[in-house]
Amino acid sequence: MPTAVTSRPAPPPVEDWSVLLDLALAEDVGPGDVTSELTIDADREGRARIEAREALVVCGLEIAREVFRRVDPELGVEIVSGVEDGLLASPGQPLVRITGRYASILTAERTALNFMGRLCGIASQTRRLVDLVADCPTDLVDTRKTTPGWRLLEKYAVAVGGGVNHRIGLFDALLVKDNHIAAVGGLDAAVRRAVDEAPAGVPVQIEVESEAMADRAIELGACFLLLDNLDPATIRRIVEKHGADVVLEASGGIHEGNLRDYAETGVARISMGALTHSVASADVALEIDLVDADGGAG
């Protein structure tokens, strides 16, 4: 199991994912939860818990809490003492406790678990890969290969797992890729425009696909390169020549099986779309406690 994170990033503000949550509830609940409405007395109350069903890195507690409160503001939703995003949870460990109307709890159940399962899955996979290269001087970095609408939450989960966030979107950093270079007419023109005209404070990264392109981009003033689809031997040579002077990031064709080979080149960053785009959700579940809140049998 991976090690615990040493610091926990703050989750995105609720206003940044509130609409996503509303859409998820509208999709699942629609005009009403017919099963709960028909089978459970509206005033019947009790307790429930969300628990881990496998070893995982906890992520998404505040999002799950907000789901329950959005369904029924009168529900009591408490994160279990000592549990927080970034913690390692073992199978069967309770994470969140909910009290109040059973019907409301069950209406919110699937949406809350969908959010937590997805985010715990990303955080857990990130942590596992970070641990795989923990003794190398390399950061693992995410990409824009995220679920539409989920980007801020998924990037938060990467950070919870110990990864590093790349740019959020097309607006906060300048990354000149192969298609930009082709469209503008060549590497020289693309690098000159990017370096000379980038707004102050906006990072400029140039994608290169060979050692010669890396040499030329640096000659033209680039100080941040994305080494795309290059083998470890080539990346090692580029690191030996330029690693002390520019930031080098490897990307493309990197997976768990060859991650360590790339990290051992000494490259400063490795970006992996797999941190977000092909993650299995973690197994979390909601269980009704078989004792009502008033102490009666459930």
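The values are calculated or read from the model by the stated rules, or taken from the named source; none is laboratory data. Given the structure is predicted, the values throughout are model-derived calculations rather than measurements. Don't worry about glycine lacking a Cβ; one is built from the backbone with ideal geometry, like all the others, and counts go over all protein chains shown.
Here are the numbers for the structure shown:
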{"read-out": "Members of the range 181-208 found to be under 27 Å from the mean Cα position of the chain (by Cα) and either of a type outside the set (Val, Ile, Thr) or surrounded by 21 or more Cβ atoms within 10 Å (Cβ to Cβ) (or both), listed by number", "value": "Gly201, Pro203, Gln205, Ile206, Glu207, Val208"}
{"read-out": "Residue list for the range 240-262, filter: over 13 Å from Leu140 (Cα atoms), of a type outside the set (Asp, Glu) and part of a helix (DSSP H, G or I)", "value": "Lys241, His242"}
{"read-out": "Number of the exception - Thr99 against (1) touching a strand residue (DSSP E or B) at 6+ places or on another chain (Cβ under 6 Å); (2) closer than 18 Å to Asp283 by Cα", "value": "(2)"}
{"read-out": "Some residue of the range 206-224 being part of a helix (DSSP H, G or I), among the β-branched types (Val, Ile, Thr) and under 20 Å from Ala173 (Cβ atoms)", "value": "yes"}
{"read-out": "Some residue of the range 59-72 being surrounded by 14 or more Cβ atoms within 10 Å (Cβ to Cβ), of a type outside the set (Asp, Glu), at pLDDT 95 or above and touching a Cys at 6+ places or on another chain (Cβ under 6 Å)", "value": "yes"}
{"read-out": "Condition check for Val77: in a helix (DSSP H, G or I), closer than 21 Å to Asp289 by Cβ and touching a Phe, Trp or Tyr at 6+ places or on another chain (Cβ under 9 Å)", "value": "no"}
{"read-out": "Subset of the range 162-187 (residues that are without any contact (Cβ under 8 Å) to a residue 60 or more places away in the chain and assigned to a loop (DSSP other than H, G, I, E, B))", "value": "Asn165, Arg167, Ile168, Gly169, Leu170, Phe171, Asp172, Ala173, Lys177, Gly185, Gly186"}
{"read-out": "Filter result (in contact with a Leu (Cβ under 9 Å, 6 or more places away or on another chain) and not in a loop (DSSP other than H, G, I, E, B)) within the range 48-64", "value": "Ala48, Arg49, Ile50, Glu51, Ala52, Leu56, Val57, Leu61, Ile63, Ala64"}
{"read-out": "Test: Glu240 is buried (at least 16 other Cβ atoms within 10 Å of the Cβ) and among the charged types (D, E, K, R)", "value": "no"}
{"read-out": "The listed residue being part of a loop (DSSP other than H, G, I, E, B) and surrounded by fewer than 18 Cβ atoms within 10 Å (Cβ to Cβ), out of Ala42, Ala26", "value": "Ala42"}
{"read-out": "Only one of Gly161, Gly201, Gly186 that is of a type outside the set (Ser, Thr, Tyr) and modelled with pLDDT under 95", "value": "Gly201"}
{"read-out": "Hits in the range 123-153 - residues which are buried (at least 24 other Cβ atoms within 10 Å of the Cβ), among the charged types (D, E, K, R) and in a helix (DSSP H, G or I)", "value": "Arg127"}
